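Written below as structure tokens is the structure these notes are about.
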Amino acid sequence: MKLAEKYGGRPADEFPMLFQRILQNIIRDVFRRRKVRSTWTTLLSAFGGSDDDEDYDPLDTMVIEDPSELGRTPEQNLDQSETMALIEREIARLPGRQREAFLMRYWEEMDIAETAAVMGCSEGSVKTHCSRATHALAAALKLRGIKL
């Protein structure tokens, strides 16, 4: 909609570049405005996996539980909010393409084909970027002693 509203009078050959920039900006805005969902703590709890299997992605195999806060102590809520802030910082440190693929796949819940189309790359590249991002986040959290 933004492309049509603001840039409708531009030449058609500029549309792909403008669309990509608008999409990237929207993704960044959403990331800045929202807090990471409470499911991140459960999504990244599968630190394990086969190190020799590059296609293994623990986020694809996890079941998201109801993120209800009932029955939790204030200390548990504080721990979770600190963990969320750490995860947000680590996501921001990821290389651009990895962060973009990771956020589209797991934040925006796009499938691999949609993500590949938006990013302008192959589905295999999306899988690789997501896998590397997941492993980097898991390693960063492990280094900080976070056991989810």
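The values are calculated or read from the model by the stated rules, or taken from the named source; none is laboratory data. Being a predicted model, the structure only gives us computed values, none of them experimental. Cβ: placed from backbone, ideal geometry, glycine included. Neighbour counts: every protein chain shown. Just so you know, the surface numbers come from the protein's heavy atoms only, side chains and all, with ligands and any DNA or RNA stripped out. Shrake-Rupley method; radii C 1.70, N 1.55, O 1.52, S 1.80 Å.
What the table below lists for this structure:
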| read-out | value |
| --- | --- |
| Given (1) modelled with pLDDT under 90; (2) part of a helix (DSSP H, G or I), number of the condition Ile146 does not satisfy | (2) |
| Sole residue being open to solvent by less than 40 Å² (accessible area, probe 1.4 Å), at pLDDT 60 or above and among the aliphatic types (A, V, I, L, M), chosen from Ile26, Ile22 | Ile22 |
| Pick from the range 128-148, criterion touching a Leu at 6+ places or on another chain (Cβ under 7 Å) and free of Cβ contacts under 8 Å to residues at least 60 places away in the same chain, ranking: surrounded by the fewest Cβ atoms within 10 Å (Cβ to Cβ) | Arg144 |
| Matching residues, the range 97-111, being in a helix (DSSP H, G or I) and open to solvent by 40 Å² or more (accessible area, probe 1.4 Å) | Arg97, Arg99 |
| Residues that are in contact (Cβ under 8 Å) with a residue 40 or more places away in the chain and over 16 Å from Ile91 (Cα atoms), drawn from the range 103-127 | Val118, Gly120, Lys127 |
| Hits in the range 85-96 (condition: assigned to a helix (DSSP H, G or I) and either open to solvent by less than 30 Å² (accessible area, probe 1.4 Å) or of a type outside the set (Gly, Ala, Ser) (or both)) | Leu86, Ile87, Glu88, Arg89, Glu90, Ile91, Arg93 |
| Residue count, the range 78-137 (criterion: acidic (Asp, Glu) and within 18 Å of Arg21 (Cα to Cα)) | 3 |
| Some residue of the range 82-98 being charged (D, E, K, R), under 20 Å from Ala138 (Cβ atoms), modelled with pLDDT of 80 or more and in contact with a His (Cβ under 9 Å, 6 or more places away or on another chain) | yes |
| Residue in the range 125-139 that is in a loop (DSSP other than H, G, I, E, B) and at pLDDT 85 or above present | no |
| Residue within the range 81-93 that is in contact with a Leu (Cβ under 6 Å, 6 or more places away or on another chain) and acidic (Asp, Glu) present | yes |
| Exclusive hit being over 18 Å from the mean Cα position of the chain (by Cα) and modelled with pLDDT under 75, set Asp60, Asp13, Asp51 | Asp51 |
